[in-house]
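Undergrad: Structure below; questions to follow.
The values are calculated or read from the model by the stated rules, or taken from the named source; none is laboratory data. As the structure is a prediction and not an experimental result, all values here were calculated from the model. With ideal geometry, Cβ positions are generated from the backbone for all residues, glycine too; neighbour counts draw on all protein chains shown.
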Amino acid sequence: MTSNAITWVDTVTKLDERHAGAVIVAGSHGGGYAAYCAARAQVRAAIFNDAGVGKDAEGIHALSYFDALGVPAATTSHLSAHIGDGKDNFENGVISHVNETARALGCRVSQTTRECAGLMLAAPAFTYPVPAKEESRTVIADAAGRAEVVVIDSLALLLPRDANSVMVAGSHGAILPMDDRILLAGDALGALFCDAGFGKDDIAVSRIKKLDLHGKPGAAVSVHSARIGNGMSVFTEGILSFVNETAARYGARVGMTAREYVSLLQDTFASKTASVPVRASEP
């Protein structure tokens, strides 16, 4: 939706050329992948959720990213607005960090998102180069023949063909108001997300809890253990901070490494497959 050239969106992965020149208030975290998606759309300015800031301050990476391009950017506190909800960010967000380009327009910490976005309208709209982005999707085959692991920077990169894989995503685990499909356009045997600091009303693990209704294991790693928006960091560095009931029944626990969790799921699904009797063919 749009308000006087200010547009709010639940996820920057849906931005396109129609958003060029707009001030974007996003439900997305401010990590590198989100910054890339916003820049690709040539936005005038952008406000993200700081996702608890996290490891290497990745939750506010967009600030330096856009400063280098001469574009204003800011983040709101993850405790002030639901991550994944652009409207809540616009209506209830409180600014936690601003970049130098935004500061020059009068944007500052503790402003409301609405006030900050209004000041950003004074920024010029122009075309700027988008830095190259490294591969955001990796499929890892298992030498023992267990389920593949699909490592993605954003849940938006999960595909229908991933249905028999274990998904590791850099994304937060919140349900989006604009699209409440559990795994969006794809599917997976089990899932791993980033907890984004849990945030307002613990919204950042709402998707993971809902996976229980589908009998799917889900978990999140601490945003302080891995870089949000970076699936490979979640996989190689993440430490579990939350597990849903299904994952807990499989043996997942808080404090487990992401690699241990993924291996646990692979073993569980391999054992389930092996226990299914093979039906004899008709003579």
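Undergrad: Can you tell me which condition A156 does not meet? The list is (1) part of a helix (DSSP H, G or I); (2) without any contact (Cβ under 8 Å) to a residue 40 or more places away in the chain; (3) small (G, A, S), and all the others hold.
TA: (2)
Undergrad: In addition: If R146 meets every condition in (1) outside the structural domain of V262 (by TED's automatic domain parsing); (2) in contact with a helix residue (DSSP H, G or I) (Cβ under 7 Å, 6 or more places away or on another chain) apart from one, which number is that one?
TA: (1)
Undergrad: Let me ask you something else. In the set I228, I239, which member is of a type in the set (A, V, I, L, M, F, W, C), at pLDDT 95 or above and under 11 Å from G170 (Cβ atoms)?
TA: On the way: I239 fails: under 11 Å from G170 (Cβ atoms).
Result of the check over I228, I239: I228.
Undergrad: Quick one: would you say A46 is closer than 20 Å to T7 by Cβ, at pLDDT 95 or above, not basic (K, R) and not in a strand (DSSP E or B)? Show your work before the answer.
TA: On the way: closer than 20 Å to T7 by Cβ: yes; at pLDDT 95 or above: yes; not basic (K, R): yes; not in a strand (DSSP E or B): no.
No: the conditions fail for A46.
Undergrad: Surrounded by fewer than 16 Cβ atoms within 10 Å (Cβ to Cβ), farther than 19 Å from D50 by Cα and outside the structural domain of H61 (by TED's automatic domain parsing) - does that describe any residue in the stretch 234-246? If you could, list the steps in order and put the result at the bottom.
TA: Going through the stretch 234-246, the residues surrounded by fewer than 16 Cβ atoms within 10 Å (Cβ to Cβ) turn out to be 236, 245.
Now narrow it down to the ones that are farther than 19 Å from D50 by Cα: 236, 245.
Right, trim to outside the structural domain of H61 (by TED's automatic domain parsing) and you get 236, 245.
Looking for residues that are surrounded by fewer than 16 Cβ atoms within 10 Å (Cβ to Cβ), farther than 19 Å from D50 by Cα and outside the structural domain of H61 (by TED's automatic domain parsing), one finds at least one in the stretch 234-246, hence yes.
Undergrad: Tell me, yes or no, whether the stretch 174-181 has at least one residue that is surrounded by 22 or more Cβ atoms within 10 Å (Cβ to Cβ), farther than 15 Å from K14 by Cα, among the aliphatic types (A, V, I, L, M) and in contact with a strand residue (DSSP E or B) (Cβ under 7 Å, 6 or more places away or on another chain).
TA: No - not one qualifying residue is present in the stretch 174-181.
Undergrad: Here is a follow-up. What is the residue count in the stretch 208-243 for residues that are in a loop (DSSP other than H, G, I, E, B) and either closer than 23 Å to G27 by Cα or in contact with a His (Cβ under 9 Å, 6 or more places away or on another chain) (or both)? Steps first, answer last, please.
TA: Residues of the stretch 208-243 in a loop (DSSP other than H, G, I, E, B): 215-217, 222-230, 238.
Adding the requirement that they be either closer than 23 Å to G27 by Cα or in contact with a His (Cβ under 9 Å, 6 or more places away or on another chain) (or both) leaves 222-230, 238.
Going through the stretch 208-243 one residue at a time, the tally reaches 10.
Undergrad: Quick one: would you say G186 is in contact (Cβ under 8 Å) with a residue 24 or more places away in the chain and crowded, with 23+ Cβ neighbours inside 10 Å?
TA: Numbers: in contact (Cβ under 8 Å) with a residue 24 or more places away in the chain: yes; crowded, with 23+ Cβ neighbours inside 10 Å: no.
No.
Undergrad: Can you find a residue in the stretch 189-199 that is over 25 Å from Y65 (Cβ atoms) and surrounded by fewer than 24 Cβ atoms within 10 Å (Cβ to Cβ)?
TA: Yes, because at least one residue in the stretch 189-199 is over 25 Å from Y65 (Cβ atoms) and surrounded by fewer than 24 Cβ atoms within 10 Å (Cβ to Cβ).
Undergrad: Next question. Scan the stretch 66-113 residue by residue and report those that are assigned to a loop (DSSP other than H, G, I, E, B), of a type outside the set (V, I, T), touching a strand residue (DSSP E or B) at 6+ places or on another chain (Cβ under 7 Å) and under 15 Å from I24 (Cβ atoms).
TA: Passing the criteria: P72, A81, G84, D85, G93, N99, C107.
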